[in-house]
1. State the number of residues belonging to the range B:43-65 that are touching a helix residue (DSSP H, G or I) at 6+ places or on another chain (Cβ under 6 Å) and open to solvent by less than 50 Å² (accessible area, probe 1.4 Å).
2. Out of curiosity, is B:ALA59 on the phi < 0 side of the Ramachandran plot and within 14 Å of chain A (Cβ to nearest Cβ)?
3. Just one of A:GLY67, A:GLY43 is surrounded by fewer than 17 Cβ atoms within 10 Å (Cβ to Cβ) and either assigned to a strand (DSSP E or B) or within 16 Å of ligand 2 (Cβ to nearest atom) (or both); which is it?
4. Which condition number does B:GLU40 fail, the rest of (1) open to solvent by 20 Å² or more (accessible area, probe 1.4 Å); (2) at pLDDT 95 or above; (3) closer than 30 Å to A:MET210 by Cα; (4) more than 14 Å from chain A (Cβ to nearest Cβ) being met?
5. Of the residues that make up the range A:92-107, is at least one open to solvent by less than 20 Å² (accessible area, probe 1.4 Å), outside any strand (DSSP E or B) and of a type in the set (A, V, I, L, M, F, W, C)?
6. Would it be correct to say that A:VAL110 is away from every other protein chain (no Cβ under 14 Å), touching a residue at least 60 places away in the same chain (Cβ under 8 Å) and more than 16 Å from ligand 1 (Cβ to nearest atom)?
7. Looking at A:VAL93, A:VAL84, which is the one that is at pLDDT below 95 and either within 14 Å of chain B (Cβ to nearest Cβ) or within 16 Å of ligand 1 (Cβ to nearest atom) (or both)?
8. Return the pair list, or none, for Cβ contacts closer than 7 Å from residues in the range A:185-214 that are of a type in the set (Phe, Trp, Tyr) to residues that are open to solvent by 30 Å² or more (accessible area, probe 1.4 Å), at least 6 apart or on different chains.
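The values are calculated or read from the model by the stated rules, or taken from the named source; none is laboratory data. Bear in mind the structure is a predicted one, so any value in this text is a computation, not a measurement. All Cβ positions, glycine included, derive from the backbone under ideal geometry; neighbour counts span all protein chains shown. Keep in mind that these areas ignore ligands, DNA and RNA; they rest on the heavy atoms of the full protein, side chains included. Shrake-Rupley method; radii C 1.70, N 1.55, O 1.52, S 1.80 Å.
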Amino acid sequence: MEEAKTILSTKNLECFFGDFQAVKGISIDYKEKSINAIIGPSGCGKSTYLRSLNRIHEEIPGAYNKGEVNLLGKNIYEKDVDPVLIRRNIGMVFQKPNPFPSLSIFDNVVIGLKLQGVKNKSLLQEKAEHSLRKAALWDEVKDKLNKPGTSLSGGQQQRLCIARTIAVDPPVILMDEPTSALDPIATASIEELMMELKKEFCVIIVTHNMQQAARVADNTAFFVLGELIEQGASEQIFTNPKQKKTEDYITGRFG
Amino acid sequence: MEISIDSLKQNIVKMGMLAEKAIQLAFDKSAKSSQLYEIEDQINSFHRVNDDLCLKYMALKHPMGPDLRFAIACVKINGDLERIGDQAINIKRALTMVQEAKFPQIHTMKEEVGRMVKECLDSFIHRDTKMATSVIHNDRVVNDLQRSVIKMFLKKGQKEEIELEEGFQVTKIAKCLERIGDLATNISEDVIFIVSGSDIRHNPEIKKTSQIDEKLRLIQQLPSDQNQKIDMENITKFLKKTTEN
Ligand SMILES: Nc1ncnc2c1ncn2[C@@H]1O[C@H](COP(=O)(O)OP(=O)(O)OP(=O)(O)O)[C@@H](O)[C@H]1O
Ligand SMILES: [Mg+2]
């Protein structure tokens, strides 16, 4: 079997809120066509780390990063890199679905492409359908593409956000607790979708649902207080973790 | 009953004690068969209850890591203990046709296997991989003892020094004891899996130690020479000594 290519890697990534260091020197490689989970107790820096992978962490006043995030070999924190382009290209799905309330379902999906300057109507149409199909939402919305994105149910809105994210063909998709507000059926369909997305993309997901990490992720990383305690194949992390802290956490004995 | 690792552990320990009791009753001429059947009954109900408990524990608690390993191992240990009960019954039946005193190997086997069962349970209780490993090592000793019983049966049979029926029953008892040794070995392997997460089954290297080799050498001498008087006492002493270390 061919060795999978590393698509994204963090090298000694540190994240600060002013004086406070939330993430402490984390190095992880992410392979293409894989799902990677980040787990850990609340406040351990998962979201901060994730938001540093597409440079939205630094949007917060006083927040900054140290270390490297290499996307296809290029450090996105180098001076000549435009953070706006990075944000546009490394899509992010949040805990609460956040479709643009003023935009139709259709425009919600193609907004990224429009911002990139794509004007060709039939290309936008094609991309919208393709992304909505990928996000397993097409059949439910194809007759009401002009309705506002916010007119959909929570689970549908989340899939709409995923469609929006994948419309620009990002090499990496970041998801921060994407199913924590969804019922088990919507959760299952998002998880199925992740498995589908994994065929093309690299997915990095923060989740508090350990069963979810075990179900979908190829690899799992465990954070405590901004530090990487252990990472490895989910198979190993959830059956035979090497670190006592990981063991205590996954068995619910942490603290 | 509370659905927890603790109740699962307690149930397995209780069931293990019943299995030990079953072996003891099987060899106790003064004990009635009905006493053994009663124990067997209790073992069987633990068998059902424990599997159900494991199922519920996994379905409701979604255990991970060591807890998951524990639950899976308990399903297997549960089955192994139930079969020890079955073997005890087989032994009791066969023993009615055997004069035990004539077959010192059976006595040695019983001692060895009884200790293996006790120690595999102790290793389960105390998560003691060292003890579990020593049980696993002893499996070869019991296998060799069984072989020596069969050889003796063949030799004595040829010389018509033994009733065919009785000899047959003796080999059957040896077979049952060997099976119990296997089951104690399986349980010990599961204990190691619980504690360390490693699967050491079907690995002949693990079963080799020099101490055991010495023990085996002595046992192999047992049936090889018809004229040589077997110094069982000496061997039993040796077996005791090696297991004390
Ligand atoms: N805007 C902010 N200003 C200052 N500190 C912050 C800010 N946001 C987060 N933090 C701190 O950074 C640390 C990491 O927070 P983060 O949101 O990354 O945690 P998390 O692992 O995602 O937690 P949760 O599981 O609760 O979402 C916490 O100690 C938090 O208090
Ligand atoms: Mg968070």
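1. The qualifying residues number 9.
2. yes
3. Numbers: A:GLY67 fails: surrounded by fewer than 17 Cβ atoms within 10 Å (Cβ to Cβ).
Selected residue: A:GLY43, the only one of A:GLY67, A:GLY43 that is surrounded by fewer than 17 Cβ atoms within 10 Å (Cβ to Cβ) and either assigned to a strand (DSSP E or B) or within 16 Å of ligand 2 (Cβ to nearest atom) (or both).
4. Single failed check for B:GLU40: (3).
5. Yes, because at least one residue in the range A:92-107 is open to solvent by less than 20 Å² (accessible area, probe 1.4 Å), outside any strand (DSSP E or B) and of a type in the set (A, V, I, L, M, F, W, C).
6. Here the answer is no, as A:VAL110 does not meet what is asked.
7. Going through A:VAL93, A:VAL84 in turn, just one is at pLDDT below 95 and either within 14 Å of chain B (Cβ to nearest Cβ) or within 16 Å of ligand 1 (Cβ to nearest atom) (or both): A:VAL93.
8. A:PHE201/A:PRO171
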